[in-house]
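Encoded as structure tokens, the structure appears first; notes follow it.
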Amino acid sequence: MSRLAGTAFSVTAPQSVANVPVLRGSYVMTALRSGVVVHATDTWDLHDLTSQVVHSEGITLSLFLEGHADVSLGGRPFRFGRAAGGDAALLVRTQPDLFVRKGRRGLHVRKVNITVPAEWLAAAEADRMDRQGQMRRITGDHLANVRWTASARLAGIAEQILLAPPYAPFLRDLYLESRAMELLFEAFSMIGDGAVEPERPRPRLKQRMWLVQDYLEARLGEGLSLEQVAQEAGMSVTSLQRAFRSVFGSTVFEYVRKRRLERARDTLVAEGISVTEAATIAGYTSSANFSTAFKRAFGVPPKSIR
């Protein structure tokens, strides 16, 4: 499947994954007759897995319904997903570049990627739909990216791709092609009309906050204080909170609380542990309080997905 994404695919860590599963769930990558590539995943990472591939020129539209992705392209780090300022993102590559993904054991990701090769966009003469020159400004810059919150319609189409009916191959490809074109139409329409703007990040601040995030992820089971986290970041507590919220849209401890609940949920699903054990993973001493927080976060009580 990696040939559809690029060249020189490899797993760089861990070194001991030969002949063992690395993902659990549903993983689809297929090239359609138009040349567009659809990549849909509903998977759990079974290892702290690092993989890489050289991506060719093109544009990738990503829609995250759950989870996130920590990646780098050409050495520049990106985080995509709901915790990164928007569940929809469009990333431009005007030249081949090395793409690296770092997965975490237990991470659950539900997402759809639609990749448009450079020749497809050129043949489509996309500038004809570009009323304000926005498309030209975005597609002409390597690693230009746009993020926004997906509309209910966009999320619904992504769900249809993830839950595609079991058609025969010909009908399946027609089904996927029609949904992929709908996603691209809405995304390109928003960009061409100027409804969303290209991201102009402050890379150093973002990288700093991603390091803070890595620090938090490695210590989700520990009792952290804001002072400890701020000291690790080399910032005051106030500056840390302001910077963290600007990147992730939440305070440090809102993020930690959400991630602990997600980890407890994923363990309930994957291992069938008791609600009491899940409460401990999430940092709750009371199962009742955990159940209340769980239902508030995910809409269902923990027993119903155990």
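The values are calculated or read from the model by the stated rules, or taken from the named source; none is laboratory data. Computed from a prediction, not measured in an experiment: that's the story for all the values here. Cβ: placed from backbone, ideal geometry, glycine included. Neighbour counts: every protein chain shown. These area figures cover heavy atoms from the full protein model, side chains too; ligands, DNA and RNA do not enter into them. Shrake-Rupley method; radii C 1.70, N 1.55, O 1.52, S 1.80 Å.
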- Query: Which helices (runs of 4 or more DSSP H) does region 192-306 wholly contain that include 2 or more residues that are open to solvent by 30 Å² or more (accessible area, probe 1.4 Å), out of contact with any helix residue (DSSP H, G or I) (no Cβ under 9 Å at 6 or more places or on another chain) and hydroxyl-bearing (Ser, Thr, Tyr)?
  - Reply: none
- Matching strands (runs of 3 or more DSSP E) fully within region 18-74 where at least 2 residues are open to solvent by 30 Å² or more (accessible area, probe 1.4 Å) and more than 22 Å from ALA155 (Cα to Cα): 23-31, 50-55
- Residues of region 1-49 being within 17 Å of the chain's Cα centre (by Cα), within 30 Å of TRP120 (Cα to Cα) and small (Gly, Ala, Ser), in sequence order, are ALA5, SER26, ALA40
- Message: Return the pair list, or none, for Cβ contacts closer than 7 Å from residues in region 267-280 that are closer than 16 Å to THR43 by Cβ and touching a residue at least 24 places away in the same chain (Cβ under 8 Å) to residues that are among the aromatic types (Phe, Trp, Tyr) and open to solvent by 60 Å² or more (accessible area, probe 1.4 Å), at least 6 apart or on different chains.
- Response: none
- Between a first residue in region 233-252 that is within 22 Å of PHE78 (Cβ to Cβ) and a second residue that is among the aromatic types (Phe, Trp, Tyr), which pairs have beta carbons less than 7 Å apart while being 6 or more apart in sequence or on different chains? PHE248/TYR255; VAL252/PHE244
- Query: Restricting attention to region 90-121, and to residues there that are assigned to a strand (DSSP E or B), touching a residue at least 60 places away in the same chain (Cβ under 8 Å) and not hydrophobic (A, V, I, L, M, F, W, C), which single residue is farthest from VAL269 (Cα to Cα)?
  - Reply: PRO117
- Task: Taking the options ALA152, ALA187, name whichever one is exposed (fewer than 12 other Cβ atoms within 10 Å of the Cβ), within 19 Å of the chain's Cα centre (by Cα) and modelled with pLDDT under 95.
- Result: ALA152
- Name the pairs whose Cβ atoms lie under 8 Å apart, with the first residue in region 157-177 and closer than 16 Å to SER26 by Cβ, the second among the acidic types (Asp, Glu), and 6 or more positions between them or separate chains? LEU162/ASP42
